[in-house]
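Have a look at the structure below before the remarks.
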Amino acid sequence: MELDACIMGRRSIRSYKDQAVPRDVVNKILSAGSWAPSGMNGQPWRFTIVENREIINKLSRRTKELVTVKMPLPENLQAAFKSDKDVVFYGAPLLILVSVQKSEEWRTVNLLDCGLAAQNMFLAAYQAGLGSCFIGFAAFLNQDPKTLAEIGIPEDHELVAPLIFGYPNETHVSKSREAKVLKWI
Ligand SMILES: Cc1cc2nc3c(=O)[nH]c(=O)nc-3n(C[C@H](O)[C@H](O)[C@H](O)COP(=O)(O)O)c2cc1C
């Protein structure tokens, strides 16, 4: 796929087919993330791959609990977050949690590194025919280190980029976007 088509065609997908992502495709996504630039080539990201539906549902339920306690949500979201539906991970069959070892002095660089890895992963996924979405709400799981530890994310890690992937059950037309230039001197 042409790079332009890939960058402009990728959209956040919030409805997925009940179809597992083949292991070689998951590996391609992980490899794309690993090729992202990083401060001093530190490659600080760590990937936790979750395909188990029960675990994804459990993380979704816990995220909903944490979000509703901590955040004033608009009315429509309040109802959704109180329902049994997976309004966090949208029923996606694959969740990749990008975390990083906590560090005060390198936090900003580490967050950027994980974000760059995430975008590489989104583009590789789109090229492979998958949809994806960044799920910022799931970062609330940082407030429950025990739940993160249960899935292998150590307590000295910060969950930075919760990412979902799967075969899309919806399409989005890409609208044009303007470059928001502040000043060009
Ligand atoms: C840091 C970040 C957090 C996000 N969190 C969520 C989220 O929790 N739930 C969700 O449905 N979409 C989330 N999104 C997706 C954005 O809503 C989406 O990227 C934006 O609307 C632009 O649409 P596009 O990705 O199709 O270009 C997040 C995106 C980013 C970059």
Every residue from region 1-25 that is assigned to a loop (DSSP other than H, G, I, E, B) and touching a residue at least 24 places away in the same chain (Cβ under 8 Å) = MET1, ARG10, ARG11, ILE13, ARG14, SER15, LYS17, ASP18, GLN19, ALA20, VAL21
Would you be able to tell me the number of residues in region 61-88 that are closer than 25 Å to ASN120 by Cβ and in a helix (DSSP H, G or I)?
-> 1
Given the conditions (1) modelled with pLDDT of 95 or more; (2) of a type in the set (A, V, I, L, M, F, W, C); (3) surrounded by fewer than 19 Cβ atoms within 10 Å (Cβ to Cβ); (4) out of contact with any helix residue (DSSP H, G or I) (no Cβ under 8 Å at 6 or more places or on another chain), every one holds for ILE151 apart from (4)
Flag for GLY115 being in contact with a Phe, Trp or Tyr (Cβ under 7 Å, 6 or more places away or on another chain) and either closer than 26 Å to GLY39 by Cα or within 15 Å of the ligand (Cβ to nearest atom) (or both) | no
Could we say that ILE49 is hydrophobic (A, V, I, L, M, F, W, C) and out of contact with any helix residue (DSSP H, G or I) (no Cβ under 8 Å at 6 or more places or on another chain) here?
-> no
Identify, by number, the condition in (1) open to solvent by 10 Å² or more (accessible area, probe 1.4 Å); (2) closer than 24 Å to VAL69 by Cβ; (3) in a loop (DSSP other than H, G, I, E, B) that ASN142 doesn't meet.
-> (3)
Would you point out the residue of region 170-179, among those that are small (Gly, Ala, Ser) and more than 23 Å from ALA124 (Cβ to Cβ), that is least open to solvent (accessible area, probe 1.4 Å)?
-> ALA179
Residue count, region 154-169 (criterion: away from the ligand (no atom under 16 Å from the Cβ), over 20 Å from LEU116 (Cα atoms) and buried (at least 16 other Cβ atoms within 10 Å of the Cβ)) | 1
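To keep it simple, each residue is scored yes or no on (1) among the aromatic types (Phe, Trp, Tyr); (2) within 17 Å of PHE122 (Cβ to Cβ).
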{"residue": "GLU2", "(1), (2)": "no, yes"}
{"residue": "ILE7", "(1), (2)": "no, yes"}
{"residue": "TYR16", "(1), (2)": "yes, yes"}
{"residue": "ALA20", "(1), (2)": "no, no"}
{"residue": "VAL26", "(1), (2)": "no, yes"}
{"residue": "SER34", "(1), (2)": "no, yes"}
{"residue": "PRO37", "(1), (2)": "no, yes"}
{"residue": "GLY42", "(1), (2)": "no, no"}
{"residue": "PHE47", "(1), (2)": "yes, yes"}
For ASN120, indicate whether it is of a type in the set (S, T, N, Q), over 14 Å from the mean Cα position of the chain (by Cα) and in a helix (DSSP H, G or I).
-> no
Out of LYS17, LYS58, report the one residue that is out of contact with any Cys (no Cβ under 8 Å at 6 or more places or on another chain), closer than 16 Å to PHE140 by Cα and surrounded by fewer than 18 Cβ atoms within 10 Å (Cβ to Cβ).
-> LYS58
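The values are calculated or read from the model by the stated rules, or taken from the named source; none is laboratory data. Values in this document were obtained by computation on a predicted structure and should not be read as measured data. Methodologically, a virtual Cβ is constructed for each residue, glycine included, from the backbone with ideal geometry; neighbour enumeration extends over all protein chains shown. Ligands, DNA and RNA are excluded from the accessible area calculation, which covers all protein heavy atoms including side chains. Shrake-Rupley method; radii C 1.70, N 1.55, O 1.52, S 1.80 Å.
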